[in-house]
1. Find how many whole Å separate the alpha carbon centroid of the stretch 169-237 from the alpha carbon centroid of the stretch 337-351.
2. Describe numerically, in nm with one decimal, the distance between label points set 7 Å from Cα along Cα→Cβ at Ser308 and at Glu121.
3. Would you pull out the residues with amide H under 5 Å of Arg229's amide H, same chain only if 5 or more places away, H placed 1.01 Å from N?
4. Near Pro106, within a Cβ-to-Cβ distance under 10 Å, what is the net charge of the other residues, with Lys and Arg +1 and Asp and Glu -1?
5. About the Cα centre of the chain, what is the dipole size in debye to 20, counting +1 per Lys and Arg Cβ and -1 per Asp and Glu Cβ, all else neutral?
6. For the stretch 7-349, what class follows from the C-alpha gyration tensor (a ≥ b ≥ c being the square roots of its eigenvalues): rounded when a/c is under 1.5, otherwise prolate if a/b is larger than b/c, else oblate?
7. For the chain, what is the relative contact order in percent, using Cα pairs closer than 8 Å and at least 6 residues apart in sequence?
8. With unit charges on the beta carbon (Lys/Arg positive, Asp/Glu negative), name the residue among Val174, Gly108, Pro202 whose Cα is farthest towards the positive pole of the charge dipole of the stretch 73-225.
Amino acid sequence: MQDRPQHLTLRRPDDWHLHLRYGPMLGAVLGWSARTFGRAIIMPNLTPPVTDSAAATAYKSRIMAAMPEGSRFQPLMTCYLTDRTDPDDLEAGFRNGTFVAAKLYPAGATTNSSHGVSRIEAIDAPLHRMQAIGMPLLIHGEVVDPAIDIFDRERAFIDRELIPLRRRFPDLKVVMEHITTEDAADYLWADTTGRLAATITPQHLLINRNHILVGGIRPHMYCLPVAKRERHRRALCRAATSGDARFFLGTDSAPHALHTKENACGCAGIFNAPSAMAAYATAFDEAGALDRLEAFASLNGPAFYGFSPNEDTIELERGAPELPDTVAVGDGAEAVVVFKGPGSLTWREVGSAAC
Ligand code: NCD
Ligand code: ZN
Ligand code: ZN
């Protein structure tokens with residue numbers, strides 16, 4: 001198989017969906033994203049959440065203060081929408097570069113979403129403003145209706161919430177974050193507006209729900225939206241590896257301390273920053289689509305957000321990555337488990353020494 005590539009040079013990728021947390025966890029995880037990615041959309045679901053431009057500026061300073069020496073990694077801040085979001089603050093923050101986008105969490109849908117939006121009508125004023133100024137809306141797309149099965153919550157969100165929302169705000173730029181279903185992929189494929197995109201995580205390209213539940217319950221494979229059937233994983237792989245501009249990289253790297261995952265009520269979230277590019281490359285290789293990895297990882301995201309792609313590059317090579325099992329947090333009393341996929345990863349980053 002002489003034409004199987006052994007080596008890849010990509011424009012430096014960006015991460016369009018990342019949780020960095022704060023405090024000791026921020027210090028533990030930031031370097032892993034900063035060594036690989038040029039920029040990242042920083043999720044605002046802290047406790048308390050980042051709900052205005054002053055809080056975003058303060059959070060960005062904390063990230064910059066924790067940045068490894070010499071890093072050029074750029075955090076792109078987002079506003080957590082609530083029933084009380086002030087459209088003037090949102091607009092001012094977008095215009096002066098404090099915010100790149102705003103995030104819609106249905107109240108109670110995921111980690112730290114209790115301050116989220118109760119009914120989408122409650123954020124009509126900010127959405128009108130965002131539509132007018134071209135500010136993207138990023139969505140955790142799951143309904144919270146207890147009557148809806150957890151495996152159906154993404155599809156139900158599209159039907160019940162997203163379709164009506166986009167009918168009311170046809171010019172709004174929307175990113176469906178971390179899609180997990182064939183239904184979401186099909187909804188994107190059918191869209192012709194150019195104003196709809198989706199991020200796809202490495203775990204949703206590699207695992208299905210069996211990897212969470214067969215042979216024992218595996219809390220480190222659990223995130224939200226939860227991984228679905230194999231049919232859905234395949235649809236996500238087709239979308240990500242298509243090269244289509246609507247699909248781009250967002251790791252949803254979401255660290256939680258080990259004891260909060262290995263728990264009777266374990267937190268949702270997978271920490272994949274150390275392995276993300278190895279995992280994406282493994283999935284693209286399995287699909288015979290390594291030539292489309294750069295579009296997904298480094299070009300489609302900036303194009304949607306209106307940025308230039310990064311000018312520098314990263315190198316990947318075929319081979320098993322060397323990854324720690326865990327990353328220590330703070331003085332080492334806590335640790336966070338690193339996602340390594342369900343089987344072996346077959347690509348690694350070159351020259352990105354462990355942090
Ligand atoms: C994320 C987190 O831990 O903040 N968890 C997750 O399972 N994905 C929240 C989110 O992105 O929904
Ligand atoms: Zn989410
Ligand atoms: Zn997330």
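1. Spelled out, the Cα-based centre of one part sits 20 Å from the other.
2. With each label placed 7 Å out from Cα toward Cβ, I get 4.7 nm.
3. Arg209
4. In short, -1.
5. 200
6. rounded
7. Result for the chain is 19 percent.
8. Pro202
Throughout, read-outs are computed from the coordinates displayed, never taken from laboratory work. All figures in this text were calculated on a predicted structure; none of them were measured in a lab. Reconstructed Cβ throughout: ideal geometry from the backbone, glycine too, with neighbour counts over all protein chains shown.
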